[in-house]
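K.L.:
For reference, the structure I am asking about is given below.
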Amino acid sequence: AVNYVTGRGIMSGYANGKFGTSDGIQRQDFLVMLARLDGVNLDDYKYKSKFPDVSSGSYYEAAVNWGAENGIVTGYQSGEFGVGDKITREQIVTFLYRYANYCNRDMTVRSSTATNAARQYKDFGKVSGFAKDAMIWALENGVISGKTSSTIVPHGNAQRCEVAKIMYNIFANYVF
């Protein structure tokens with residue numbers, strides 16, 4: 001997974017040569033990775049952001065603007081995007097679910113997936129309402145699996161190794 005994301009330029013390591021597998025990912029950085037996966041020309045999205053916490057000229061400004069303009073991200077109820085916040089597992093699948101819609105992918109899921117997930121993952125009921133369909137879609141399409149065999153940890157912060165695996169799963173399962 002790490003070789004895949006670094007080889008495709010979706011993620012990179014640190015200046016010290018390490019990948020930082022257990023480090024967290026911030027919300028804006030995930031949008032940069034998603035834009036790299038998409039291959040979008042971000043020059044078209046360098047303008048004042050609708051989110052007050054997205055700094056003009058920042059390395060992530062165009063990626064967040066692209067995500068917002070295409071319905072991939074909506075930000076928080078406060079109106080902010082959440083720059084600097086660690087991204088959770090349920091936020092990742094929500095962004096990817098919306099990205100799948102942006103790519104005109106089939107978003108249909110079987111009702112049995114939710115039933116099976118509720119049986120398998122004791123914390124599946126803790127998935128936020130905004131992320132429920134996205135989590136079911138991600139499980140059904142092999143985008144994400146449990147953190148353990150019995151937990152999905154929807155509110156847990158995603159580590160770099162998990163994001164690399166999710167990106168690899170997208171490729172390996174022909175999701176996009």
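The values are calculated or read from the model by the stated rules, or taken from the named source; none is laboratory data. All values derive from a computational prediction rather than experimental measurement. Neighbour counts run over all protein chains shown; Cβ positions are idealised from the backbone, glycine included. With ligands, DNA and RNA removed, areas are computed over all heavy atoms of the protein, side chains included. Shrake-Rupley method; radii C 1.70, N 1.55, O 1.52, S 1.80 Å.
K.L.:
Test of understanding: among 101, 157, which residue is of a type outside the set (A, V, I, L, M), within 22 Å of residue 28 (Cα to Cα) and in contact with a strand residue (DSSP E or B) (Cβ under 9 Å, 6 or more places away or on another chain)?
P.N.:
Going through 101, 157 in turn, just one is of a type outside the set (A, V, I, L, M), within 22 Å of residue 28 (Cα to Cα) and in contact with a strand residue (DSSP E or B) (Cβ under 9 Å, 6 or more places away or on another chain): 157.
K.L.:
Here's another thing I want to ask about it. Among (1) without any contact (Cβ under 8 Å) to a residue 40 or more places away in the chain; (2) surrounded by fewer than 22 Cβ atoms within 10 Å (Cβ to Cβ); (3) of a type in the set (Gly, Ala, Ser), there is one condition residue 62 misses while meeting the rest; what is its number?
P.N.:
For residue 62, the exception is condition (2).
K.L.:
Something else now. Sort out which residues of region 150-167 are of a type outside the set (S, T, N, Q) and either open to solvent by 40 Å² or more (accessible area, probe 1.4 Å) or part of a helix (DSSP H, G or I) (or both), and write them in order of number.
P.N.:
153, 155, 160, 161, 162, 163, 164, 165, 166, 167
K.L.:
Which residues, counting only those in region 125-149, are aromatic (Phe, Trp, Tyr) and crowded, with 22+ Cβ neighbours inside 10 Å? I'd like the intermediate steps shown before the answer.
P.N.:
Taking region 125-149 as the starting set, the residues that turn out to be aromatic (Phe, Trp, Tyr) are 130, 137.
Within region 125-149, 137 is the sole residue that qualifies.
K.L.:
Please work out if residue 71 is small (Gly, Ala, Ser) and either in a helix (DSSP H, G or I) or over 15 Å from the mean Cα position of the chain (by Cα) (or both).
P.N.:
no
K.L.:
Going by the structure shown, is residue 115 open to solvent by 20 Å² or more (accessible area, probe 1.4 Å), β-branched (Val, Ile, Thr) and either in a helix (DSSP H, G or I) or at pLDDT 95 or above (or both)?
P.N.:
yes
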